[in-house]
Amino acid sequence: YPSGNLAIVLVQDKAQLICIIQEDKPSKAKVQAVFNSNGRGTCCYPNGAVWINMNIQGGQYSDQAGSRVRKWTWPNSTTSSGPHTPLSPIFISLNQYVGVRILSQDKIIVSFLAMGQQAKFNVGTKVQVSDGGQLSALAPLGQEELLLLAFRVKILWLLDRLRGCLNFPSNKQRDKIKPPAYLSTQTSKILRLCTSSDVSSELRSSIRAIVNA
């Protein structure tokens with residue numbers, strides 16, 4: 001951002017490429033959107049409510065209260081329940097500088113505009129779906145997003161402890177200091193997401209170990 005705060009992060013996780021968009025804050029920046037190359041993507045309102053959620057079947061657009069505004073299916077979806085609803089192009093502004101335009105499954109454009117300069121990223125992907133099996137229903141977040149959020153909270157907690165060590169090097173009780181309230185809140189939200197999402201017990205245990213370590 002013009003402020004110097006980090007706006008967009010690209011992470012390589014094995015065969016997956018993950019794009020993370022953060023709000024314009026020097027610290028405690030919330031994740032506003034996550035997209036990965038397996039066809040999943042989530043955008044959030046400033047209050048944290050899910051705005052747009054997509055997977056290889058299609059997507060859903062919700063209002064800030066969580067009510068569904070529209071739902072669509074991609075042309076290659078094998079969903080058998082109900083008619084296929086095509087996508088009408090969507091454009092949303094995550095903040096003053098970052099917008100997301102959804103035109104098709106393989107054309108999801110993240111645009112960054114600041115100080116007369118513009119950068120665009122295509123985070124869409126064409127996922128081939130076979131007719132041999134049913135696809136899972138739309139989930140709030142996939143396992144990659146949940147792991148990413150868990151690691152982000154852990155890193156922020158470690159950075160907070162590091163600042164404490166630098167500011168108060170003689171404090172022998174620093175290992176017993178509890179994390180800041182906002183990190184405790186984010187930890188609770190991640191654990192609730194694990195409970196509500198269709199993830200394995202092993203993944204839930206791994207995420208719990210990451211955020212509570």
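Here are a few things to note about the model shown:
- Top-ranked residue in region 86-110 [being closer than 19 Å to Ala29 by Cα and free of Cβ contacts under 8 Å to residues at least 60 places away in the same chain; ranked as surrounded by the fewest Cβ atoms within 10 Å (Cβ to Cβ)]: Ser93
- Scanning region 32-42 turns up no residue that is more than 18 Å from the chain's Cα centre (by Cα) and outside the structural domain of Ala150 (by TED's automatic domain parsing).
- In region 139-164, residue nearest to the chain's Cα centre (by Cα) [restricted to those that are of a type in the set (A, V, I, L, M, F, W, C) and at pLDDT below 75]: Leu141
- Selection status of Asn171, touching a Gly at 6+ places or on another chain (Cβ under 8 Å) and either within 20 Å of Lys28 (Cα to Cα) or at pLDDT below 80 (or both): yes
- Residue check, Ile177 aliphatic (A, V, I, L, M) and at pLDDT 70 or above: no
- Pick from region 26-69, criterion part of a loop (DSSP other than H, G, I, E, B) and at pLDDT 90 or above, ranking: nearest to Ile190 (Cα to Cα): Tyr45
The values are calculated or read from the model by the stated rules, or taken from the named source; none is laboratory data. Since the structure is predicted, the reported quantities are computational estimates derived from the model, not experimental observations. All Cβ positions, glycine included, derive from the backbone under ideal geometry; neighbour counts span all protein chains shown.
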